[in-house]
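Q: Here's a structure for you.
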Amino acid sequence: MQDFNGQLAFITGGASGAGLGQALVFGRAGAKVVIADLRADAIEAALGQLRAEGITAHGIVLDITDREAYARAADEVEQVFGSAPTLLFNTAGVNSFGPVEKTTYADFDWLIGVNLGGVINGMVTFVPRMIESGKPGHIVTTSSLGGLSGSALAAPYSAAKAAVINLMEGYAQGLAKHNIGVSVICPANIKSNIAEASKLRPAGLGPSGYREDEATIQSLHSIHRHGMEPVELAEWTKKGIEKGDLYIIPYPEAKEQIRAHFDRIVDAILPIEADPEGAKARTDALMEWASNGAKVFAKTEG
């Protein structure tokens, strides 16, 4: 996608941080913007900022883990603007840090429920509507550099973000035939208020195994206050969409660390000389299935 003028963008977490940066950048490029966020007061403040720049903007209070609410939000978008979005930004996310061995069921439920479940809800809600519209589109989902390797202090978060990367790779393959592009952003720290995400944790979810207090929040702020500006990240995202990039990772300081991590994975694979006959038989079977058997699964009833 090269021209954003007249496009309709739906952005989760759009009232602050990376989401608001996306709303500003794509709104300035001529897109109409819908910001969805859990916080009504933040939405109103963001709408004032966007409209002050002449950006057409609409706000929806949305818990992205609530599938029925997501469907209502999608209906509202179509009622207000007359169509489904052509740009979908799955940006909302939360984090929490603590020793992996202290992680509770509630910690997993919250972190994976928002960071992976919320993305799933966005895709299942909007992708069929985007396809039905017949318009070219693009989907951008925010993962994290943390999704490219495990973490003893952010295990559920990293696991969810890793799943998001894999999920977007699958959607990129599946949606190409519908002229819908897919990108996944893997940022490091961003200047945002995600350090205070624990304040949004549902009270009735259950106990956390992590320490959550003002000291831990301020510790996280010390990282994020030096992060990339949300508008700058959104500008890199815009360039990635224009180029049709699947991966958007505008953090050069991470390159060698990530290269070393994946080199360890590649180095763990046996050389072909270790089992040439087995490798050929397995490869031939997969290639035959890909050209014939996979077609059975690509067909759906109805």
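The values are calculated or read from the model by the stated rules, or taken from the named source; none is laboratory data. For clarity, every value in this text was computed on a predicted model and none was experimentally measured. Positions of Cβ are backbone-derived with ideal geometry, glycine not excepted, and every protein chain shown enters the neighbour counts.
Q: Looking at 233, 286, which is the one that is touching a helix residue (DSSP H, G or I) at 6+ places or on another chain (Cβ under 7 Å) and either modelled with pLDDT of 90 or more or on the phi < 0 side of the Ramachandran plot (or both)?
A: 233
Q: So, one more: Restricting the search to the stretch 42-63, which residues are closer than 14 Å to residue 19 by Cα and either assigned to a loop (DSSP other than H, G, I, E, B) or of a type in the set (S, T, N, Q) (or both)?
A: Within the stretch 42-63, 49, 62 meet the criteria.
Q: A further question follows. Among the numbered conditions (1) without any contact (Cβ under 8 Å) to a residue 60 or more places away in the chain; (2) surrounded by fewer than 21 Cβ atoms within 10 Å (Cβ to Cβ); (3) of a type in the set (S, T, N, Q), tell me where residue 115 comes up short.
A: (2)
Q: Of all residues in the stretch 45-63, how many are in contact with a strand residue (DSSP E or B) (Cβ under 7 Å, 6 or more places away or on another chain) and either farther than 18 Å from residue 93 by Cβ or at pLDDT below 95 (or both)?
A: Counting residues in the stretch 45-63 that are in contact with a strand residue (DSSP E or B) (Cβ under 7 Å, 6 or more places away or on another chain) and either farther than 18 Å from residue 93 by Cβ or at pLDDT below 95 (or both) gives 8.
Q: Report whether or not residue 12 is at pLDDT 95 or above and either buried (at least 22 other Cβ atoms within 10 Å of the Cβ) or closer than 22 Å to residue 145 by Cα (or both).
A: The answer is yes for residue 12.
Q: Residues of the stretch 74-98 being surrounded by 15 or more Cβ atoms within 10 Å (Cβ to Cβ) and part of a loop (DSSP other than H, G, I, E, B), which ones?
A: Hits for the stretch 74-98 are 84, 85, 86, 91, 92, 93, 94, 95, 96, 97, 98.
Q: Next question, about the same structure. Against the condition of a type outside the set (A, V, I, L, M, F, W, C), within 23 Å of residue 262 (Cα to Cα) and buried (at least 20 other Cβ atoms within 10 Å of the Cβ), how does residue 156 come out, does it pass?
A: When the stated conditions are applied, residue 156 passes them.
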